[in-house]
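As structure tokens, the structure follows; a few thoughts come after it.
Values in this text are rule-based calculations from the coordinates and carry no lab data. Here the structure is a predicted model, which means the values were calculated and not measured. Glycine also receives a Cβ, built like all others from the backbone with ideal geometry; neighbour counts cover every protein chain displayed.
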Amino acid sequence: MAPRIVVYVLIIFLLSPLRAEAAAKRIVSLYPGHTDNIVALGGERQLVAVSKNDDDDMLPKLPRFSAKSGAEEILALKPDLVLTRGLAERQNPQLRSVLERAGVRVVSIEPPRWDEFSSYLRELAALIGSDPAAAEAKLKNIRGVIAAGAAKKSGGKGPAVFVEATAKELHTCSPDSWAAKLVELAGGRNAAPDAQAIRKGSAIAPYGLERILKAAAAGDIDVYLIQRGTMNATDMKSLASRPWYPAIKKIKTAVVPEGELSRPSLLGLEAGGRRLIKIFYGE
């Protein structure tokens, strides 16, 4: 009787709607943050394509798709999971339905806020067959290393840091954004704590030249960070060419890649934390 009972239990398990989805083996990532985190969690070999917005050196041999890519191109790779986010879905609303009709699982996960990142990592780890608890522990360890490094260097008082998120209209990062939280973790203080997000949930906030110059003149900015990426192509040379640059010339300035400063990812967090500590306090 025992073998028959085992068979019955196995059948019930296999037919149960509560049974967990199998870990994906062929993944298309349509958002750089998802790509970074999959690699950080050990799922690099499961990726068969990444986003066109991924960093150039991120799995350069893999095909790249944008949010507006056709379903046929993606289906040709025979994925069993396509990871996207809300913005990408809004840009190509038909993509999900076409892929799902073809039997491909589509999961949309929004880029997480700082305090929600551990929950996101646990969900992502489960999708790729990694250990959610280990993923959360890795996050805790990275944040702990950054905080300890900053504490050792800062002597209890960190620099006031202004983050230029966009060159046009001179937006900064909103106070609860990933960039602002990383600056704080690395020992810095937000030089624009009064900035208000351009809309609810946005990571950027209007600030403007007048407020920047006023803060600089008052000595309220110690470090001027430029977030270089899709929204801001500024480098040190172009910064120095701005007519108002002499007003901040004596302030420490630095360019930080967007992927290290504002992308919610383990890879960006670790690299960005190290870079910021070096900028704030030197070697």
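Dividing the mean sequence gap of close Cα pairs (under 8 Å, 6+ apart) by how many residues the chain holds gives a relative contact order of 16 percent. Computing Cα Rg over 2.2 N^0.38 Å directly from the structure and comparing it against (i) 1.18; (ii) 1.22; (iii) 1.03 singles out (i). The Lys140 and Asp235 beta-carbon pair, evaluated with R₀ = 30 Å, returns a calculated FRET efficiency of approximately 0.30. Taken along the Cα-to-beta-carbon direction at a fixed 7 Å, the label points for Lys249 and Gln94 span 5.7 nm. Panel order for Ser265, Ser130, by other beta carbons found within 10 Å of each beta carbon, from fewest to most: Ser130, Ser265. Going by Cα centres, the range 78-121 and the range 143-170 are how many Å apart? If you average the Cα positions of each part, the centres end up 32 Å apart. Considering only Ala151, Ala76, Ala186, the Gaussian network model of the chain with Cα springs below 10 Å gives its largest mean-square fluctuation to Ala76. Take every Cα pair under 8 Å whose residues are at least 6 apart in sequence, average their separation, divide by the length of the range 155-281, and the relative contact order is 28 percent. Inter-label distance, Arg113 to Ala23: 3.1 nm, where each label sits 7 Å from its Cα along the C-beta direction. Of the residues Phe65, Ala102, Ala88, the one whose Cα sits farthest toward the positive end of the charge dipole of the range 11-130, with +1 on the Cβ of Lys and Arg and -1 on the Cβ of Asp and Glu, is Ala102. Is there a pair in Lys168/Lys214; Lys157/Lys181; Lys153/Lys181; Lys214/Lys250; Lys25/Lys140; Lys181/Lys214 whose C-alpha atoms are over 21 Å apart, and which pairs would that be? From the list (Lys168/Lys214; Lys157/Lys181; Lys153/Lys181; Lys214/Lys250; Lys25/Lys140; Lys181/Lys214), the Cα-Cα distance tops 21 Å for Lys25/Lys140; Lys181/Lys214.
In a fully extended conformation the segment linking Lys61 and Arg242 would gain 61.3 nm over its present Cα-Cα distance, using 0.36 nm per residue. With the simple spin-label model, which puts each label point 7 Å out from Cα in the Cβ direction, the Gln196 to Lys52 separation comes to 3.6 nm.
Of the residues Pro112, Ser174, Val48, the one whose Cα sits farthest toward the positive end of the charge dipole of the chain, with +1 on the Cβ of Lys and Arg and -1 on the Cβ of Asp and Glu, is Ser174. Taking amide hydrogens as placed 1.01 Å from N in the peptide plane, the amide H of Phe65 sits under 5 Å from those of Val50, Ser51, Lys52, each at least 5 positions away in sequence or on another chain. The amide H of Arg26, built 1.01 Å from its N in the peptide plane, has Asp80, Leu81 as neighbours under 5 Å, considering only residues 5 or more places off or on other chains.
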